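A.B. asks: Dumping the structure here so I can ask a few things about it.
The values are calculated or read from the model by the stated rules, or taken from the named source; none is laboratory data. Because the structure is predicted, anything quoted here is derived from the model rather than measured. For neighbour counting, all protein chains shown are included, and Cβ atoms are generated from backbone atoms with ideal geometry for every residue, glycine included. With ligands, DNA and RNA removed, areas are computed over all heavy atoms of the protein, side chains included. Shrake-Rupley method; radii C 1.70, N 1.55, O 1.52, S 1.80 Å.
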Amino acid sequence: KMMRLVRPGRGRQPGSAADIWDLVQQGVRMPGAPGMWDASPDSVMDAANAKDWPLCAYLAALCACGKGEAGPNALAAPNERQRHRFWSEVVAPIVVEVPPAEQPQRPRRSQSAGAGFICGVPASGGATSKARPHVKFNRGATLQLAGSGIKRLKLEAEDAHDVRRMLEEEISGHAAKEKLEALGRKARLFSVSGGWFHVLAYPLGGDPSKALLRPEARSWTPQQAQAARSIGESVMSQLIKDCQWELVETLLRNKVPCPQLAEEFNFLCGRDDSIVKEWRKDLLATWGWCGRPYTLLECAAWDSKKGSGDLGRIVAAMVDAGHPVDLVSGRKPLILTAAETNRWDLVELLLAITAPLKEDAEDDEAARDSRRKPLDLNIGASALMQSPVIFQASNTVHQLIADAVKQEAASALRAKSLADFFRRLLAGEIMTAEDLPRGFTFARDDEAVLEDRKTGIKVLNAGLRLGTGVVASEGPPRLVFVEVTEAELTKIAAASLDATCVALPIDLEGRAALSEDPVSVRTFWLAVNCPESFVSEDKASVHVPVNATPWPNLMPKVTLSISVVSPCCGKPLPDAPVHVAGKFMGKMGRYGAPVQCRVPVGRWKCCSPGVSCKDVEVNADVGGEDVDGELRPQIVANGDIYIYISMNECGDDTVLLCTNPTGCLPQEPDSRAFRGKVSIGDRSVLMDSKRITSAMSIRHGKSDCCSQLRALELKCKGFVKNQDLDDWYDYVGDDTCVYADIFGGNMKRLGNAPPEQTESVDDLAWSKGSRDFSHNVVTPGSKQQPSLCVGPT
């Protein structure tokens with residue numbers, strides 16, 4: 001089977017890198033005697049340079065599974081043969097003979113006319129008629145050797161290797177002098193062609209007659225530039241430069257380190273700061289983008305085929321393997337650069353891998369588990385939203401970017417660690433599932449326990465304190481994690497949900513404690529804020545002083561039962577979102593069940609974004625609850641109604657009435673805004689916007705929403721009213737809140753409109769004496785600039 005994957009023969013396709021790697025990990029090997037297959041990094045590099053990718057995958061798997069010097073790290077380590085190849089083909093150094101006149105020597109003056117020569121150049125006014133330009137061989141200097149008459153030594157491959165060793169090891173003295181003399185006797189001298197050169201070493205090996213130079217990037221040949229772009233320092237970087245993304249993904253998933261392409265060949269020409277600076281500048285001029293070196297992700301973005309999805313697979317592999325993923329460093333985030341270069345396929349790919357999955361009611365639990373989970377990454381969507389290039393995005397992409405901005409804002413508030421999470425919890429902040437550290441979730445529906453499903457670590461989700469709180473006598477407080485058993489955690493988790501519980505029934509005296517996040521697998525912990533004097537001297541256990549309680553006090557919480565109701569009848573609105581202190585707490589139940597949450601003691605603002613513009617302030621205090629131990633604030637909706645058109649293929653489009661903004665916003669591709677006159681009784685408004693917006697609101701405080709919506713009239717060219725709508729109003733009667741019924745997803749068809757409603761209503765607006773400025777809204781992708789005017793509120 002391995003032979004079929006690696007050497008399938010003519011007319012058959014070789015196997016994938018992942019399949020070859022899986023078989024190697026299962027112990028399968030290619031046929032042959034022991035030692036026939038060399039799994040050293042040099043052999044892997046030879047296969048990569050020969051473009052034999054199946055053999056490269058097989059040898060790389062053998063190398064990564066090996067012991068000793070082999071292993072995954074060996075595939076990302078610098079390869080000495082590649083460094084020498086880069087030195088010979090790209091750096092292309094030359095050793096030049098420095099004329100005696102250019103060699104440093106003591107100044108000497110002529111005994112005759114008072115005018116002297118320093119280093120062969122007249123000291124004052126005595127320039128000869130055929131004097132050649134004076135060249136100063138200072139380390140790090142840039143020289144123009146055209147017309148200088150300086151000779152160079154022709155170096156063979158082994159000679160270039162010796163010179164590189166001499167430069168890196170800074171060899172000097174008698175051994176270096178003998179080697180240079182032997183080199184001078186063996187090599188022939190040639191004239192140096194014109195061009196710019198950098199001085200790498202002078203005197204070379206302590207010999208003032210020899211200098212080591214390299215050509216500047218502007219003097220490189222096309223072969224040198226191509227070699228700089230195609231030679232990698234390690235096996236991993238070589239695969240990246242050869243665009244073997246399937247093999248790169250396989251190596252990343254098997255714990256091969258991610259290469260730092262920005263640091264490749266950094267000190268190949270020496271470690272002097274001036275030399276390294278000029279060397280990096282030349283590399284960036286040849287292999288890089290916008291003055292900065294490529295990273296792995298940038299290579300996967302720009303060097304992969306359009307629409308291949310290689311970037312998404314590389315990002316997913318890096319996240320799965322635990323590699324850091326940075327998409328926003330550099331001058332601009334990657335997503336912004338992609339948009340500015342008209343690579344909207346990359347923009348959509350980055351948005352897709354981080355966008356939350358849409359729930360499908362028809363999917364069972366197994367189907368939902370098999371679907372890809374979104375990656376929690378910062379892709380720089382806010383920078384793209386603030387850029388002028390956002391107006392070139394389509395409506396769908398614009399909405400995805402807006403969702404990504406909100407997601408990144410919420411992710412920025414995520415706790416960096418368990419210690420950070422509990423410090424904020426003890427400070428009185430409301431902590432939700434979006435604030436949990438990466439990898440942690442709620443282990444139970446009552447959110448009493450946090451769990452890391454990967455390591456099995458469980459922590460009680462409660463703010464606990466030890467001590468009296470007198471800092472002067474007990475010392476400053478500190479957060480520690482105290483270890484308990486699984487049975488104890490289950491018992492105290494139930495006690496923490498009791499509103500009358502003041503302290504947890506568990507003695508913490510002598511228990512093991514940690515000052516940092518726990519990492520041991522399958523362990524159970526309590527996060528306790530205690531004074532310094534309650535911790536042993538070695539900081540490894542809890543030591544409760546005399547006359548102090550060993551039971552931790554539980555931070556009090558108050559249960560809120562929040563409802564969002566209609567402004568007319570006061571009925572609950574299904575699926576309305578509820579936020580407390582700016583954090584999402586949940587949605588109203590399908591049948592109007594309120595949102596319940598437990599918050600620390602204090603004053604909190606409750607709101608329902610998009611549904612109500614007013615905040616409700618709640619004073620959550622112990623003892624201020626209702627009979628059943630809950631506070632029941634109510635948020636009154638604005639009462640907005642939305643009218644839009646849903647396209648169909650039946651000859652005319654459907655005009656729909658909606659009261660829940662999430663039912664029509666964001667605007668779907670197969671829908672458009674209604675354009676015409678909308679009136680309810682003596683109120684009317686002219687709708688002429690390209691975006692779906694609120695038409696008007698029903699009157700507050702009146703339980704006649706049925707009669708108000710029955711009086712709704714639409715006027716536009718070609719509109720045909722739904723005659724069955726009056727029968728539905730008669731059926732529901734005045735006892736049902738029509739606004740709440742429609743809010744729950746029961747949108748009503750008001751009638752039909754022509755398939756393409758392109759006529760303007762400006763003439764009707766001016767004839768009625770009303771002015772509507774909603775057409776000044778600029779949609780993403782439109783190059784029209786909004787006019788600066790003031791319209792009616």
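A.B. asks: If you scan the range 449-482, which residues turn out to be among the acidic types (Asp, Glu) and either open to solvent by 70 Å² or more (accessible area, probe 1.4 Å) or modelled with pLDDT under 90 (or both)?
C.D. replies: Narrowing the range 449-482 to residues among the acidic types (Asp, Glu): 451-452, 474.
Within the range 449-482, Glu474 is the sole residue that qualifies.
A.B. asks: With the requirement that a residue be of a type in the set (Ser, Thr, Tyr) and surrounded by 12 or more Cβ atoms within 10 Å (Cβ to Cβ), what does the range 708-741 give you? First the steps, then the outcome.
C.D. replies: Initial filter on the range 708-741 (of a type in the set (Ser, Thr, Tyr)): 729, 731, 736, 739.
Those that are of a type in the set (Ser, Thr, Tyr) and surrounded by 12 or more Cβ atoms within 10 Å (Cβ to Cβ): Tyr729, Thr736, Tyr739.
A.B. asks: Anything in the range 586-604 that is hydrophobic (A, V, I, L, M, F, W, C) and open to solvent by 40 Å² or more (accessible area, probe 1.4 Å)? List them, or say none.
C.D. replies: Just the residues of the range 586-604 that are hydrophobic (A, V, I, L, M, F, W, C), to begin with: 588, 593, 595, 597, 599, 601, 604.
The answer is Ala593, Val601.
A.B. asks: (1) at pLDDT 90 or above; (2) under 30 Å from Pro14 (Cα atoms): which one isn't true of Val91, the others all being true?
C.D. replies: If we test Val91 against (1) at pLDDT 90 or above; (2) under 30 Å from Pro14 (Cα atoms), just (2) comes out false.
A.B. asks: Related question: Kindly check whether there is at least one residue in the range 616-627 that is in a strand (DSSP E or B) and in contact with a helix residue (DSSP H, G or I) (Cβ under 8 Å, 6 or more places away or on another chain). It would help to see each step written out before you state the result.
C.D. replies: Taking the range 616-627 as the starting set, the residues that turn out to be in a strand (DSSP E or B) are 616-620.
Filter again for in contact with a helix residue (DSSP H, G or I) (Cβ under 8 Å, 6 or more places away or on another chain), leaving none.
The answer is no; no qualifying residue exists.
A.B. asks: While we're on this one: Take the residues in the range 554-573 that are in a loop (DSSP other than H, G, I, E, B) and buried (at least 23 other Cβ atoms within 10 Å of the Cβ); name whichever of them is farthest from the chain's Cα centre (by Cα). Spell out the reasoning first.
C.D. replies: At the first step, the residues of the range 554-573 found to be in a loop (DSSP other than H, G, I, E, B) are 555-556, 566-571, 573.
Then keep just the ones that are buried (at least 23 other Cβ atoms within 10 Å of the Cβ); that gives 566, 568, 573.
On the way: Ser566: 40, Cys568: 45, Leu573: 36 Å.
Only one residue fits best here, namely Cys568.
A.B. asks: Now for a separate question. Among the residues of the range 625-641, is any of a type in the set (A, V, I, L, M), buried (at least 21 other Cβ atoms within 10 Å of the Cβ), in contact with a Lys or Arg (Cβ under 9 Å, 6 or more places away or on another chain) and under 26 Å from Ile492 (Cβ atoms)?
C.D. replies: no
A.B. asks: Regarding Val528, is this residue of a type outside the set (S, T, N, Q) and buried (at least 19 other Cβ atoms within 10 Å of the Cβ)? It would help to see each step written out before you state the result.
C.D. replies: Working: of a type outside the set (S, T, N, Q): yes; buried (at least 19 other Cβ atoms within 10 Å of the Cβ): yes.
Yes: the conditions hold for Val528.
A.B. asks: Filter the range 678-707 down to the residues that are assigned to a strand (DSSP E or B) and open to solvent by 50 Å² or more (accessible area, probe 1.4 Å) and list them by number.
C.D. replies: From the range 678-707, those assigned to a strand (DSSP E or B) are 678-680, 683-687, 694-697; that's our starting set.
Within the range 678-707, Arg683, Ser684 qualify.
A.B. asks: Say we look at the range 435-468 and pick out the residues that are touching a Leu at 6+ places or on another chain (Cβ under 7 Å) and of a type in the set (D, E, K, R); which of these is farthest from Phe524 (Cα to Cα)?
C.D. replies: Result: Asp435.
A.B. asks: Oh, and also: Could you list, in sequence order, all residues of the range 519-538 that are closer than 26 Å to Arg438 by Cβ and in contact with a Ser or Thr (Cβ under 9 Å, 6 or more places away or on another chain)? I'd like the intermediate steps shown before the answer.
C.D. replies: If we filter the range 519-538 for residues that are closer than 26 Å to Arg438 by Cβ, which is where we start, we get 519-529.
Correct list: Val519, Ser520, Val521, Arg522, Thr523, Phe524.
A.B. asks: I've got another one for you. Which numbered condition trips up Met2, out of (1) closer than 21 Å to Cys258 by Cα; (2) in contact (Cβ under 8 Å) with a residue 40 or more places away in the chain?
C.D. replies: So Met2 meets the others, but not (1).
A.B. asks: For the range 507-525, which residues satisfy the criterion of being among the small types (Gly, Ala, Ser) and at negative phi? Lay out the reasoning, then the answer.
C.D. replies: Step one: of the range 507-525, the residues among the small types (Gly, Ala, Ser) are 510, 512-513, 515, 520.
The answer is Ala512, Ala513, Ser515, Ser520.
A.B. asks: State all residues of the range 636-675 that are modelled with pLDDT of 90 or more and on the phi > 0 side of the Ramachandran plot; if no residue qualifies, say none.
C.D. replies: Matches in the range 636-675: Gly639 only.
A.B. asks: Name the pairs whose Cβ atoms lie under 6 Å apart, with the first residue in the range 508-528 and within 18 Å of Glu451 (Cα to Cα) and without any contact (Cβ under 8 Å) to a residue 60 or more places away in the chain, the second open to solvent by less than 70 Å² (accessible area, probe 1.4 Å) and assigned to a loop (DSSP other than H, G, I, E, B), and 6 or more positions between them or separate chains?
C.D. replies: From residues that are within 18 Å of Glu451 (Cα to Cα) and without any contact (Cβ under 8 Å) to a residue 60 or more places away in the chain, there are no pairs.
A.B. asks: Continuing with this model, one more query. Which helices (runs of 4 or more DSSP H) does the range 252-325 wholly contain that include 3 or more residues that are among the β-branched types (Val, Ile, Thr), open to solvent by 30 Å² or more (accessible area, probe 1.4 Å) and closer than 21 Å to Phe86 by Cβ?
C.D. replies: Numbers: elements: 273-286, 296-302, 310-321.
Those helices (runs of 4 or more DSSP H) do not exist here; none qualify.
A.B. asks: Limited to the range 377-389, what total is found for residues that are surrounded by fewer than 19 Cβ atoms within 10 Å (Cβ to Cβ) and within 22 Å of Gly312 (Cα to Cα)?
C.D. replies: Taking the range 377-389 as the starting set, the residues that turn out to be surrounded by fewer than 19 Cβ atoms within 10 Å (Cβ to Cβ) are 378, 383, 385-389.
When the remaining residues are screened for being within 22 Å of Gly312 (Cα to Cα), the result is 378, 383, 385.
The qualifying residues number 3.
A.B. asks: Sticking with this structure for a sec: Go through the range 478-507 and count every residue that is closer than 20 Å to Arg453 by Cβ and without any contact (Cβ under 8 Å) to a residue 24 or more places away in the chain.
C.D. replies: 1
A.B. asks: Could you say whether any residue in the range 488-504 is over 30 Å from Asp621 (Cα atoms) and surrounded by 15 or more Cβ atoms within 10 Å (Cβ to Cβ)?
C.D. replies: Of the range 488-504, the ones over 30 Å from Asp621 (Cα atoms) are none.
No, the conditions are met nowhere in the range 488-504.
A.B. asks: Out of everything in the range 642-670 that is of a type in the set (Ser, Thr, Tyr) and touching a helix residue (DSSP H, G or I) at 6+ places or on another chain (Cβ under 8 Å), what residue ends up being surrounded by the most Cβ atoms within 10 Å (Cβ to Cβ)?
C.D. replies: Within the range 642-670, the subset of a type in the set (Ser, Thr, Tyr) is 642, 644, 646, 654, 659, 662.
Restricting the remaining residues to those that are touching a helix residue (DSSP H, G or I) at 6+ places or on another chain (Cβ under 8 Å) gives 642, 659.
Numbers: Tyr642: 22, Thr659: 30.
Residue satisfying both the conditions and the ranking: Thr659.
A.B. asks: What's the total number of residues in the range 387-437 that are among the basic types (Lys, Arg) and modelled with pLDDT of 90 or more? Talk me through it step by step, then tell me what you get.
C.D. replies: As a first pass, look at the range 387-437 and keep what is among the basic types (Lys, Arg): 406, 414, 416, 423-424.
Then keep just the ones that are modelled with pLDDT of 90 or more; that gives 423-424.
Count: 2.
A.B. asks: Now a separate question. Restricting to the range 695-717, name every residue that is of a type in the set (A, V, I, L, M) and without any contact (Cβ under 8 Å) to a residue 40 or more places away in the chain.
C.D. replies: In the first step, residues of the range 695-717 are kept if they are of a type in the set (A, V, I, L, M); the result is 695-696, 698, 709, 711-712, 714.
Within the range 695-717, just Ala711 meets the criteria.
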